[in-house]
């Protein structure tokens, strides 16, 4: 077995026990990247020199007998919308092709404090807008399970690098499913924590009230470790909450007897993909066999989630992306006579189609005369959706449903009609609308051997329940052990 | 057409939007300094320059200052308030939105009282909200390019919006002075208008007297001196009346006033008015103020002009008008009190401040603390009068020199030998000399022409270069004349 095939907690232990050196681990991962990246295309940039330098420092400290942290020496990849000082943060956009961040995101500081070594930045949908990573200006990332198919998105690169053993874990961001859906498509563990649990400082904003950073890992234990590293109050982020720290690894417990698991029956019945449904009901059977109590829940307003989402997210995006105006940084057109030209042409040339579509949508819904009918109404519906979940969680510990209505699709399959693409998010966006945590864990494969994910959702700030439910499921199944052959 | 006569047929309706830069040490959403005048782009960071991925954190002093201003201007203070994004593109606005407040401002429904031509008037305050300033564009003639200085980006501001209660340039100035005074009392704004830390937009319309509907208003932006506020208002009144009298129409438009040329011109009309697409700033939590917090703030407010005015009337026996004028500026009132504490003659201090001193300050557009005359110096001058060392007439001359040079009163008096003559025999000598030399005037006086005495006094003062004690001169002259009458 190669080093790169290990899980995060396995490799961290080997480093700590000095069975392997950090350099050996880095060598192993980079050699894997040398091999697999050509096929998968998940990285936008690598920072080898920086990684080896950090590795040396960590090794020295370790050799002196110091504790180098829970992620001590572990190579980790970062989605390219998270800022790292002196490194590019492109958001996979021509607009930010040459943007080098002057500062570190809080999660980066925290990861490095925990001993992680950042090895590269991963591909994504442009400005995190998409469900396929195909809107990237720079390259196509392929699904490691089938190179003809998309890895999901928007954090497709971060999912693919973990799935193909090109990193032990990675960070992504999730605004409407951008961690969970690619995790599902690539058969890895992906979690979006509660809004406010992980600092957003340094995450290049798409939709501020929905964005959240979260980890991709090879298994649930690794997810708990990553959460331990990145969860915490940040005074640089007003929306980050100040709660007592939890050790999520304490909830890695197979015994879930008596746990109440909610099933939104109406929503499941509405799904068309029989293979996804089959995998889902199989998962329910697993839970039953573990002694969990299965309870039907009703999420009446969930059907309005998608329209609510596409109003709120685009409205916020239209404002957040205003700063890319060709003046201070990023792309500037060469064709201009006056200021208005700079704005118009830089943005026309610098943004891709999907980004422009969403900026226009968001501008429209905030315009005077339309604000009440769209944005204000969407905010009201958002409250109804939050209440829906709140009510459901009065009777259950977690709610489970498939992560995505379908498995990974082929390139070009859903690009003709944007709405078809948007519909892929239908099971993930409600969680962002309500600000709740949700994880996707491997739960099966369809007849094309494409992965199917199970989504586990808990009430706000109860990630430990997700950890517990996910861990018990993982330990009772073999899905997470399968790796794509490249 | 006599335009001045026509203007009298119209009523002017004015509302002011006043922007005051708050004197917090750091900016509104980051820890950069707010200091004025630093080298371009040295007081900025990724946050205030709108780098990708940054988030704002509200400086707590900002709502605190705004609430204090609201309390001092009799506003209702919101228990729940929020911040909103005002979206528009401009190179001095790096985020492409200004964080401001839209529908839930911190303070609403207040007022201030002003006195114009002796008549008290109440001006309503619609709202006070917090927002961030934008950067500064500097046109570089050398390269023909425009440069951006982001030092001022995200310096905290409050915007104070008045009701359309103002009816003249004079009222507008008094209202501005009242706000300035309050800001200074609260020590929340340095009110340096020439540096732009206090500036205003004038909304103005006219209507025929008796008309109940408002006319179409224009907004003249960014006026940063009392003089330009006054002149721009006078200009705009005249322009609107002329336009209407000539059968024209007033367009709702944004205007600029060129202080050098003394004329205003249109910048953009309502047709290209921007849609700012306001919405709640999702990166900032609502501002929730507890009763306890507000009580604490209320208790921390300093003595405000009204209370101070009452105290001056009671403690110092000053008139209503003098007390109002002196206390309307904190700097002036502090100056007054310090001077009084040294010379212990409040009425004299008030007289000096209200008359000669104010006149000279106004001429040179100086504030009392910017003049060369210290409290100690003014107190010394008053002391010299009170102890009969110099006469009031001499004192006025000494004062002018003090104002110009900053020298101490005593020094000037000694240098120029201005000490008053209070020696009876010396005065008698001069009186006798003048009486002898002016027999015609003496005869006039003896013939019952009382006026003649004034001429004689004048001659005596001339002879003594104004240094003789006027009271003694009068007494001795009368005595001498009386003696002549009886002889």
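Couple of notes before you dig in:
- Screening A:157, A:153, A:176, A:172 for residues that are over 26 Å from residue A:434 (Cβ atoms), touching a helix residue (DSSP H, G or I) at 6+ places or on another chain (Cβ under 9 Å) and crowded, with 24+ Cβ neighbours inside 10 Å leaves exactly one candidate, A:157.
- Output for the stretch A:127-150, where each listed residue is touching a strand residue (DSSP E or B) at 6+ places or on another chain (Cβ under 8 Å), closer than 23 Å to residue A:481 by Cβ and buried (at least 24 other Cβ atoms within 10 Å of the Cβ): A:143, A:145
- Output for the stretch A:186-238, where each listed residue is closer than 19 Å to residue A:130 by Cα and in a strand (DSSP E or B): A:190, A:191, A:192, A:203, A:213, A:214, A:215, A:216
- Scanning the stretch B:66-81 finds no residues that are within 14 Å of chain A (Cβ to nearest Cβ) and either part of a loop (DSSP other than H, G, I, E, B) or free of Cβ contacts under 8 Å to residues at least 24 places away in the same chain (or both).
- For the stretch B:430-453, the tally of residues that are modelled with pLDDT under 85, assigned to a helix (DSSP H, G or I) and surrounded by fewer than 12 Cβ atoms within 10 Å (Cβ to Cβ) stands at 1.
- Note on the stretch A:250-264: residues that are surrounded by fewer than 18 Cβ atoms within 10 Å (Cβ to Cβ) and either under 22 Å from the mean Cα position of the chain (by Cα) or within 14 Å of chain B (Cβ to nearest Cβ) (or both) amount to 0.
To keep it simple, each residue is scored yes or no on (1) more than 14 Å from chain B (Cβ to nearest Cβ); (2) crowded, with 19+ Cβ neighbours inside 10 Å.
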| position | (1), (2) |
| --- | --- |
| A:234 | no, yes |
| A:240 | no, yes |
| A:266 | yes, no |
| A:269 | yes, no |
| A:276 | yes, yes |
| A:282 | yes, no |
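- Evaluation of residue B:265 against (1) without any contact (Cβ under 8 Å) to a residue 12 or more places away in the chain; (2) part of a strand (DSSP E or B); (3) within 14 Å of another protein chain (Cβ to nearest Cβ) (one fails), failing number: (3)
- Across the stretch A:348-360, the number of residues qualifying as under 20 Å from residue A:136 (Cβ atoms) and either surrounded by fewer than 16 Cβ atoms within 10 Å (Cβ to Cβ) or without any contact (Cβ under 8 Å) to a residue 60 or more places away in the chain (or both) comes to 6.
- Selection within the stretch B:412-429 - touching a strand residue (DSSP E or B) at 6+ places or on another chain (Cβ under 9 Å) and either assigned to a helix (DSSP H, G or I) or at positive phi (or both): B:426, B:427
- Residues that are more than 14 Å from every other protein chain (Cβ to nearest Cβ) and on the phi > 0 side of the Ramachandran plot within the stretch A:85-119 comprise just one, A:115.
Conditions tested, residue by residue: (1) in the same structural domain as residue B:170 (by TED's automatic domain parsing); (2) under 21 Å from the mean Cα position of the chain (by Cα); (3) part of a loop (DSSP other than H, G, I, E, B); (4) surrounded by fewer than 18 Cβ atoms within 10 Å (Cβ to Cβ).
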| position | (1), (2), (3), (4) |
| --- | --- |
| B:221 | yes, yes, no, yes |
| B:227 | yes, yes, no, yes |
| B:231 | yes, yes, no, no |
| B:236 | yes, no, no, no |
| B:242 | yes, no, no, yes |
| B:249 | yes, no, yes, yes |
| B:256 | yes, no, no, yes |
| B:261 | yes, no, yes, yes |
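- Residue count for the stretch A:371-395 satisfying the condition of being over 25 Å from the mean Cα position of the chain (by Cα), in a loop (DSSP other than H, G, I, E, B) and away from chain B (no Cβ under 14 Å): 2.
- Top-ranked residue of the stretch A:206-225 - restricted to ones that are under 12 Å from the mean Cα position of the chain (by Cα) and within 14 Å of chain B (Cβ to nearest Cβ), ranked as farthest from residue A:382 (Cα to Cα): A:213
- Here residue B:349 fulfils each of the conditions (1) crowded, with 20+ Cβ neighbours inside 10 Å; (2) at pLDDT below 90 apart from (2).
- Residue B:84 being over 30 Å from residue A:322 (Cα atoms), in contact (Cβ under 8 Å) with a residue 40 or more places away in the chain, touching a strand residue (DSSP E or B) at 6+ places or on another chain (Cβ under 6 Å) and in the same structural domain as residue B:43 (by TED's automatic domain parsing): no
- Test: residue in the stretch B:83-101 that is crowded, with 22+ Cβ neighbours inside 10 Å and more than 13 Å from chain A (Cβ to nearest Cβ): yes
- Strands (runs of 3 or more DSSP E) contained entirely in the stretch B:131-193, each with at least 2 residues that are buried (at least 16 other Cβ atoms within 10 Å of the Cβ): B:145-149, B:156-162
- Looking across the stretch B:355-381, the residues that are surrounded by fewer than 18 Cβ atoms within 10 Å (Cβ to Cβ) and part of a helix (DSSP H, G or I) come down to B:355, B:356, B:358, B:359, B:360, B:362, B:363, B:364, B:369, B:370, B:376.
- Check on residue B:407, at pLDDT 85 or above, closer than 27 Å to residue B:361 by Cα and not in a helix (DSSP H, G or I): yes
- Residue in the stretch A:314-337 that is crowded, with 23+ Cβ neighbours inside 10 Å, part of a helix (DSSP H, G or I), modelled with pLDDT of 95 or more and more than 10 Å from chain B (Cβ to nearest Cβ) present: yes
- Here the stretch A:239-254 is the region considered, the condition is being assigned to a helix (DSSP H, G or I) and in contact with a helix residue (DSSP H, G or I) (Cβ under 7 Å, 6 or more places away or on another chain), and the residue that is nearest to residue A:202 (Cα to Cα) is A:248.
- Members of the stretch B:1-44 that are more than 30 Å from residue B:146 (Cα to Cα) and surrounded by fewer than 17 Cβ atoms within 10 Å (Cβ to Cβ): B:1, B:2, B:3, B:4, B:5, B:6, B:8, B:9, B:11
- Among the numbered conditions (1) more than 24 Å from residue B:51 (Cα to Cα); (2) in a loop (DSSP other than H, G, I, E, B), the only one that residue A:176 does not meet is (1).
- Only one entry of A:77, A:51 meets the criterion of being assigned to a helix (DSSP H, G or I), in contact (Cβ under 8 Å) with a residue 24 or more places away in the chain, under 26 Å from residue A:144 (Cα atoms) and in contact with a helix residue (DSSP H, G or I) (Cβ under 7 Å, 6 or more places away or on another chain), and that entry is A:51.
The values are calculated or read from the model by the stated rules, or taken from the named source; none is laboratory data. Since we're looking at a predicted model, the values are computed, not measured. Every residue, glycine among them, receives a Cβ derived from its backbone with ideal geometry; neighbour counts consider all protein chains shown.
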